[in-house]
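The structure appears below as structure tokens.
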Amino acid sequence: VPAARLAAVADPVLPAAERLGAELGIPRATADYRDLLRDPGIDAVLVCSSTDTHAEVVTQAALAGKQIFCEKPLDKDLERMDRVIEEVERSGVKLMMGFNRRFDADFARIREQVASGAIGTPELLRITSRDPAPPSLAYVRVSGGLFMDMTIHDFDMARFLLGREVLEVSVAADALVDPAIGGAGDVDTAIVTLRFSGGALGAIDNSRRSVYGYDQRVEVFGSGGMLANRNHRAHTVEHADREGFHGDPALDFFMQRYAQAYTAEIRSFVECVIEGTPVPVGAPDARAAAVMAYAAARSHRERRPVAISEVSRA
Ligand SMILES: NC(=O)c1ccc[n+]([C@@H]2O[C@H](COP(=O)([O-])OP(=O)(O)OC[C@H]3O[C@@H](n4cnc5c(N)ncnc54)[C@H](O)[C@@H]3O)[C@@H](O)[C@H]2O)c1
């Protein structure tokens, strides 16, 4: 991202900050993120710390007048999220949310085609989103749970791809991959069905363990046709022999699959900061996806469809 320069990195685990600093040629490493906020030479911050720190760091950054990019989710608690959003609005700084999949070339293309009417009226959306392996239990415990941590990307994709809001969420979910995840009060396998405003239906399926790589596919079906992407692989060479046809697994995980999207995302943030233009994905998107995650968690707990209006006052 040539228009920006990484001035400093903060992590309470100082050796981690120093290691990253050395790797990326960042001139300064500190254990306290507030050192960055006090530095008048720093225009913008990227908040990529653990989820349970976002609310505090984003609030402090807004009070310090820094432009903010924040990884998803903004917070696990809706009321606290609303307080953070109010603080950001009061401070007048930008807040861009890290919904990186919007910047993926395949998904951006599908969005454009849906919006241009290429498949008529959208009626069905399918999202398959399966991680190669579950995260550590330490991560699971502070993540906010599968719906807030993982499905939140799919909730954002659902709104993005159809350009419509979701009215109702219904969930079937379990801990089928690792009972310890169930023991921590979370699930690792889920099917989420959606009802959109305007009448379209959606289905998201998630797993924390896909042995053939990071499975990232979407399909939008409409009155005039269908749009779908394929998984990305290191190469597309197919080897055929007596046993059958063989190819590469899907790319391993998000750092490989979405490398281009992360770059495009940060370029977009930097451009908005420099040009003073609105961010393409901001606080209302953070809130809408979090509300869907809340509705999903309630649907799972209460084993019934949950209307978004039950969860959101907006
Ligand atoms: N958009 C995406 O594709 C994507 C992918 C992975 C993770 N994430 C999000 O990124 C965030 C981090 O995830 P991760 O997997 O890197 O977690 P992690 O637990 O591996 O790393 C978090 C880091 O934050 C540091 N940290 C904790 N408190 C801090 C503070 N106050 N100031 C600065 N640093 C602090 C920790 O020491 C650690 O180094 C999470 O919110 C997660 O939801 C987004």
Study note, to complete from the structure: Note: probe point = Cα of Glu219 + 7 Å toward Cβ; backbone nitrogen < 16 Å; residues of the range 127-147 passing the test are 127-130
**Study point:** Residue order, fewest to most beta carbons within 10 Å, for Met292, Met81
**Key:** Met81, Met292
Review point. Fewest first, what order do Cys272, Cys48 take by the number of other Cβ atoms within 10 Å?
Key: Cys48, Cys272
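All other residues with a Cβ under 13 Å from the Cβ of Ser49 taken together, and with Lys, Arg as +1 and Asp, Glu as -1, what is their net charge?
Details: positive: Arg34, Lys72; negative: Asp11, Asp32, Asp52, Glu56, Glu71, Asp75.
Value of the local net charge: -4.
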**Study point:** Overall dimensions of the range 1-133 as given by Cα atoms, namely Rg and Dmax in Å
**Key:** 18.2, 54
Study note, to complete from the structure: So for R0 = 22 Å, FRET eff. of Tyr139-His235 from the Cβ-Cβ r, to 0.05, ends up at 0.10
Revision key, fill the gap. Relative contact order as a percentage, the chain, C-alpha pairs under 8 Å and 6+ apart, gives 20 percent
Check your understanding: Using alpha-carbon pairs under 8 Å, 6+ residues apart, how would you state the relative contact order of the range 1-45 in percent?
Key -> 38 percent
Check your understanding: Where does helix 14-24 land angle-wise versus the long Cα axis of the chain, in degrees 0 to 90, nearest 10?
Key -> 80 degrees
Practice item. Binning at 10 Å from 0, report for the chain what percent of all alpha-carbon pair distances ends up in each bin. Key: 6, 24, 33, 25, 10, 2, 0
Exercise for review: Tell me the label-point distance for the pair Glu86, Arg303, using the 7 Å Cα-to-Cβ offset, in nm and rounded to one decimal.
Suggested key: 3.9 nm
Point to revise | Given charges at beta-carbon only (K, R positive; D, E negative), |dipole| of the chain in Debye | key: 380 debye
Review point. So what's the range 167-258 giving for Rg/Rh, alpha carbon basis, Kirkwood Rh from the mean inverse pair distance?
Key: 1.06
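When the Kirkwood radius is taken over all Cα pairs of the range 62-167, what Stokes-Einstein diffusion coefficient follows at 25 °C and 0.890 mPa s, in µm²/s?
Values: Rh = 16.0 Å.
Translational diffusion coefficient: 153 µm²/s.
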Point to revise | Gaussian network model of the chain, Cα within-10 Å springs - most flexible of Ala295, Ala108, Ala61 | key: Ala108
Point to revise | q = 0.10, 0.12, 0.21, 0.23 Å⁻¹: log10 I(q)/I(0) that the Debye formula gives for the range 203-314, counting C-alpha atoms only | key: -0.55, -0.76, -1.22, -1.22
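With viscosity set to 1.567 mPa s and temperature to 4 °C, compute the Stokes-Einstein D of the range 150-211, Rh being the Kirkwood radius across alpha carbon pairs; µm²/s, no decimals. It would help to have the intermediate numbers written out before the result.
Working: Rh = 12.5 Å.
Roughly 103 µm²/s, to the nearest whole number.
Explain nothing, just the number: dipole magnitude of the range 229-280 about its Cα centre with +1 on each Lys and Arg Cβ and -1 on each Asp and Glu Cβ, in debye rounded to the nearest 20.
Numbers: 5 positive and 8 negative charges, 12 e Å.
Dipole about the Cα centre, nearest 20: 60 debye.
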Check your understanding: Can you tell which of Leu125, Leu167, Leu137 shows the greatest fluctuation in a Gaussian network model of the chain with Cα springs below 10 Å?
Key -> Leu137
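Please give the calculated 222 nm ellipticity per residue for the chain, where each DSSP H segment of at least 4 residues contributes -39500 (n - 2.57) and the sum is spread over every residue; nearest 500 deg cm²/dmol? Mind dumping the intermediate values first?
On the way: 13 runs with 123 residues, N = 314.
That calculation yields -11500 deg cm²/dmol at 222 nm.
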Review point. In nm, to one decimal, how far is the modelled label at Val211 from the one at Cys48, with both set 7 Å along Cα→Cβ?
Key: 3.3 nm
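Coordinate-derived values only; no laboratory data. Keep in mind the model is a prediction, meaning the values are calculated, not measured. Cβ coordinates were reconstructed from backbone atoms using ideal geometry, including for glycine residues, and neighbour counts include every protein chain displayed.
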